[in-house]
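Q: Just passing along the structure, written as structure tokens.
The values are calculated or read from the model by the stated rules, or taken from the named source; none is laboratory data. Model, not experiment: these values are computed from the prediction. We place every Cβ from the backbone using ideal geometry, glycine too, and count neighbours over all the protein chains shown.
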Amino acid sequence: MTEKDRVTTLSTAEGRELQQQGNGQAPAAEGARELVPPVEVFEDHDAVWILADMPGVSKDSLNVELTNQVLEISGDIMVDMPEGVAATFAEIRGSRYRRHFTLGRELDREGIEATIKDGVLKVRLPKTDAHRRRRIEIKAA
Amino acid sequence: MFNQLSRFNDPLFSDFDRLFRWMDEAMSDVGLRDLRSAPRGAFPAINVGETEDTIHLYAFTPGLSGEDIELSVEDGVLFIRGKRAPEDGETDGRTWYRRERFAGEFTRAVQLPDYVDPDQVEARLRDGVLTVRLRKREESRPRKIAIKAA
């Protein structure tokens, strides 16, 4: 399978594209096992939003990066582990989260904002003015 | 119509069935194999670690505050209960592309070993991770026994 085949394309309401890569397990990086955070993606009148569950990630260990049209969110899981703890049972087997999204050109690169609260990342990707949905006034003839 | 149904009695299907059963047995969650164990992917995910005198339980509860979570110990079972509301705000004019995050009520139960003192439980919530610290009873902790010369 080529890299391109693994890219799923989501068409937005106005036929634009918001692509997302690697829906399954992320390839493991050196040493650390990576988890794919569950997300919510939605669009409203003037922005596209991404919400991602990244428990254990604080503002300091979070990384949101835009390279060309690819937005990457990643973060290290930090939990208070006293010294000498031996894991007896683990459902979360990984030390960081990572996921990419390919953005359409209609999004304003400069205006992207990200916040994280209680382990939930919220990214707002504003649309450029030309792409906002506009109501056109209908004048009486 | 019945001919079509009977195809599922094909020996191939029972092979699959056997394979799946074998996978379920081989890969079931070790450590929490009791009645209340939850399938993989249940919310919240739980990790457990142990030191000589404590047990640490980490529940991954993103987006929840202390008021949303009810933690209790009943008869040697630790319960984590709560509710995570779906993303709020006005939803008019919103188009959803992905909804993978959990929403709704949840309960997870963890059978505690006998050597845990149910009266000494501390819990803290930070960055969406609930850390529960349970202390082992004094008498269960490892102890060095001096060997006396005869």
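Q: Would you pick out the residues in the range A:85-108 that are within 11 Å of chain B (Cβ to nearest Cβ) and in a strand (DSSP E or B)?
A: A:Ala86, A:Ala87, A:Thr88, A:Phe89, A:Ala90, A:Tyr97, A:Arg99, A:Phe101
Q: While we're here: What residue, of A:Leu66, A:Leu35, A:Leu107, A:Leu71, is over 21 Å from B:Leu64 (Cα atoms) and in contact with a Phe, Trp or Tyr (Cβ under 7 Å, 6 or more places away or on another chain)?
A: A:Leu71
Q: Please note which strands (runs of 3 or more DSSP E) are completely contained in the range A:37-84 and include at least 2 residues that are facing chain B (nearest Cβ under 9 Å), buried (at least 20 other Cβ atoms within 10 Å of the Cβ) and touching a residue at least 12 places away in the same chain (Cβ under 8 Å).
A: Output list reads A:39-43, A:47-53.
Q: List the number of the failed condition for A:Pro27; all other conditions in (1) at pLDDT below 85; (2) surrounded by 13 or more Cβ atoms within 10 Å (Cβ to Cβ) hold.
A: Unmet condition: (2).
Quick grid of which residues meet (1) within 16 Å of the chain's Cα centre (by Cα); (2) among the basic types (Lys, Arg); (3) within 22 Å of A:Lys117 (Cα to Cα):
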{"residue": "B:Glu52", "(1), (2), (3)": "no, no, no"}
{"residue": "B:Ile69", "(1), (2), (3)": "yes, no, yes"}
{"residue": "B:Ser72", "(1), (2), (3)": "yes, no, no"}
{"residue": "B:Asp75", "(1), (2), (3)": "no, no, no"}
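Q: Here is a list of conditions, (1) over 18 Å from A:Asp53 (Cβ atoms); (2) touching a residue at least 60 places away in the same chain (Cβ under 8 Å), and B:Asp119 meets all of them except one; can you say which number that is?
A: The single condition B:Asp119 does not satisfy is (2).
Q: Counting residues that are acidic (Asp, Glu), which strands (runs of 3 or more DSSP E) fully inside the range B:73-150 reach at least 3?
A: B:116-126
Q: Would you check which residues across the range B:118-135 are away from chain A (no Cβ under 11 Å) and at pLDDT 90 or above and list them?
A: B:Val121, B:Glu122, B:Ala123, B:Val132, B:Leu134, B:Arg135, listed by residue number.
Q: I would also like to ask the following. Can you name every residue in the range A:109-121 that is among the hydrophobic types (A, V, I, L, M, F, W, C) and within 14 Å of chain B (Cβ to nearest Cβ)?
A: A:Ile116, A:Val120, A:Leu121
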